[in-house]
Amino acid sequence: MDLSRLLLGRPLRSSEAHKQRINPVEGLSALGVDALSSVAYGPQAMLVVLGAGGLAALRLAPWITLAIVGLLALLVSSYIQVIAAHPEGGGAYAVARANLGGAVSMVGAASLVVDYTLTVAVSIAAGVGSLVSAFTGIAPYSLPICLGILVLVTGINLRGLGESARAFLLPTLLFVGGTLVVILIGLIHPLAPHLSQPGRAQVASRDLEAVGVLLVLKAFSAGCSALTGVEAIANGVPLFREPRQRRAQTTEILLGSLLAATLLGMAVLIQRFRVQPRVDDAVLNQIIGYSIGRGWGFDALSIIITLVLALAANTSFGGLPVLASLLARDHRLPHAFALRGDRLVYNYGILCLAVLAALMLLFTGGNTNSLIPLYAIGVFTGFTLAQSGLVRHWHRQRSRGWQRRAALNGAGALATGAATLIFLTTKFLAGAWIVVLAVPLLVLFFVRVHRYYERAAEEIRLDRRPGPLREREITVVVPFNNISRITQEALSEAISMGDRVIAVTVVMADDEEAGQELERHWREWNPGVELKVLHTEYHSMVRPLVGYIDSLHPSPRRKVVVMIPVVVPHRFWHTMLHNHLDRGLTQALAHRHDVVVARIPLLLKQD
C-alpha cells in the first residue's frame, strides 16, 4: 500500500467533500479551541497586571472581566454579520477588501498570518510547558515533544478538517465540561475553599489607594488575550456543512456563550477565593484547587488543560489555509495555495503553516510562553479592521437600523483598536517588535506577488483573445549510447513529432574504435534518421551535447526538442544500476526557453 495513502487516507472525490465538512459542535474543536483554551491564560494575564497595583487593584478584576465580556458580545455579533456578508470566508480580510480597500485588507491578512503562526507555536509550547511543570524529568526533551505534536497535528489536518475536528472533539468537550463543572462547584459548594496554594504571590507589597487609568487599560488589554480565536470561525465558513452560514453562525454563538460563561464564572470565583497571581501556579489551577481540591480530579483536569492548550494550534490549521486560498485567488499569494489536495484540503497552506511554526519553535527552543500576549496583536488588528469595515458597510447599505449597528461596530473598533495600541506600546521591547516588523514585510510580499501576476497576465495576454496559430519548425535531437530497442522507441516517437530528427552520440577520445563500430552498425540498421557523432577530449557527455544543441541555433520560432530515452526498472532500487544522462542533461537545459526536454521511458519487465 502507498505510504501516503496509509498515513493520509485514500483520495476523495469532489462528490465526497461533504465528509470533510463539519457541524457546529465539531466546529468548536476545529476552529474554537484557541478561544476556549485562552481562559487558561487570559484572566491570569489580567491579574498579573493588576497585581502591580496591590490588593485594591485586584478588586477591579470582575469589572474588567465584565467589560471584556461586553467586548466579546460585540465581537460575536460582528462576526455573525461577517459570516452572513462573506460566506466565502476570510473574516477581517474579506470585510476590509470589500469596504476599506486593497491596501488595508493586506494589513489585515498579514496580521492574521502572523497571529495564526504565533498561535501554533505558542499553543504547542504552552501545552508542553504545562506538561513539563507537572513532570520535570522531561524538561530536556521539551523541543522534540513540541515538534512531535506539531507533526501529529499537521498530519491529522492533511487527512482533512473533518478528521481533525473529530479527533480533537473529545478533549475539547472534556475541557469545556470540566471547566464549567469546576466553576459550578466553586459557586455552589466548593470542596476546598481554604486550601493553601503553592507558589509565591506576585502582588505589590503595599496596597495602593488609587489605581491609575493606565493600569486599568493595561489590565483590560492583557485580559483581552482571552478573546483570541473568536475570529477563526468567520475565516473558515467554507469548512461547514450546508447551510454553512447558519451552521457557522451557530458555532460562533455557541463559542461566545461558552467563553462568556467561563470568563464570568472565573471572575466571580477569583473574587470569592481572593485569587492572586502566583509564581509557578496558574490562576486556573488555583480555582480548580479551591473548587475540587488537589486530588485525582485536579490531576486529570490539569492533563486535559495541557492537551487542549497544545491542540489550540488546530484553530490555525482550520483558518489560515482558507485565508491563504483567498489571497491566492486575489493573486497576492502563489496560486498553489488555492489548490486542494487528494483529501480536499489546502495542502500548501497547511504545510507552510507547519514549517513557519517549526522554525519559530526551533528559534525559541520551544520556550515561547513569553510570547503568549503577543499573538493577540495580530488578531486584535483583525478585530479592528473587521469592525471598521462593517461601519463602512452599514453606512453604504443604510438598511433599517443601520445607525445602531454602525454605532455598535464603531464602539467595538475603538475598543479593540485601543487594546491593540496598548499591546504594542507595552510589549514592544518584550517581543512585539517581531509583529511590527513581520506585518509590513508580509504586505510587501503580497504586493510583489500581485505585481508579478499582473505582469505575467499582460505578457501572456491572459484576458484577451489570442491570435491565429503559428507553425514552428521543430528539430528533435535524440541522444543515445548504444543501438538498442530503447533507441528504436525514442526515434519512432521523434519522427512522429519533428520536421527533422537527429540521433546524437558522444565518443570519447580514448574510445574511437567503439565509435567506428557504432557507425558501422548504424549504417547496417539504416533507420532513415540522420546520425551525428560528437568527439570529445573530456569524459563528459553533457557538455558536448549542450554545445551541439547550441549549434542548431534554437529560437522561439525554431524549437529544439531533446528526447532522452530512459530505462525504467521494475524495482526502484535497480534505478541506481543505470546511468542518469537524463538527469544531468535535463539540469543543464532546465532554464532554456528555446529547448524542450522530454523523457521517453522504457519499462523493464518484472523479474
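Derivation of every value follows stated rules applied to the coordinates shown; laboratory data play no part. Please read these numbers as outputs of a predicted model, since none were measured by experiment. For neighbour counting, all protein chains shown are included, and Cβ atoms are generated from backbone atoms with ideal geometry for every residue, glycine included.
Some points to look at:
- Relative contact order (%) - criterion: Cα under 8 Å, at least six apart; region: the chain: 21
- To the nearest ten degrees, helix 283-292 and the longest principal axis of the Cα atoms of the chain are 60 degrees apart.
- In this structure, the amide hydrogen of Val597, modeled 1.01 Å from its nitrogen in the peptide plane, lies closer than 5 angstrom to those of Val562, counting only residues at least 5 positions away or on a different chain.
- The alpha-carbon of Lys559 sits under 15 angstrom from the alpha-carbons of these aspartates and glutamates, leaving out residues fewer than 8 places away in its chain: Glu471, Glu473, Asp499, Asp550, Asp594.
- Among the listed options [x] 13; [y] 35; [z] 24, the one matching percent of Cα pairs over 45 Å apart as calculated from these coordinates is [y].
- Cβ crowding within 10 Å averaged over residues, with 41-47, 168-174, 481-487 ranked highest first: 41-47, 168-174, 481-487
- Nearest 10 degrees, 0 to 90: helix 485-495 Cα axis against the chain principal axis: 90
- Vicinal HN-Hα couplings computed from phi for the stretch 591-604 (Karplus, 6.51 cos²θ - 1.76 cosθ + 1.60; Hz; Gly/Pro x): 9, 8, 8, 9, 10, 10, 10, 10, 10, 10, x, 10, 7, 6
- Phi-derived couplings, Karplus 6.51 cos²θ - 1.76 cosθ + 1.60 at θ = phi - 60°, listed residue by residue for the stretch 72-77: 4, 4, 4, 5, 4, 5 Hz, with x used for Gly and Pro.
- Computed from Cα positions, the angle between helix 169-188 and the longest principal axis of the chain comes to roughly 10 degrees.
- For Phe240, distant residues with modelled amide H under 5 Å away: Ile22
- From phi via Karplus (6.51, -1.76, 1.60), per-residue ³J(HN,Hα) for the stretch 84-92 in Hz, x at Gly/Pro: 5, 7, 9, x, 6, x, x, x, 4
- Long-range HN-HN contacts of Val567 with modeled amide H, under 5 Å: Leu602
- Packing, taken as the mean count of other beta carbons within 10 Å per residue, orders the peptides 322-328, 443-449 from highest to lowest as 322-328, 443-449.
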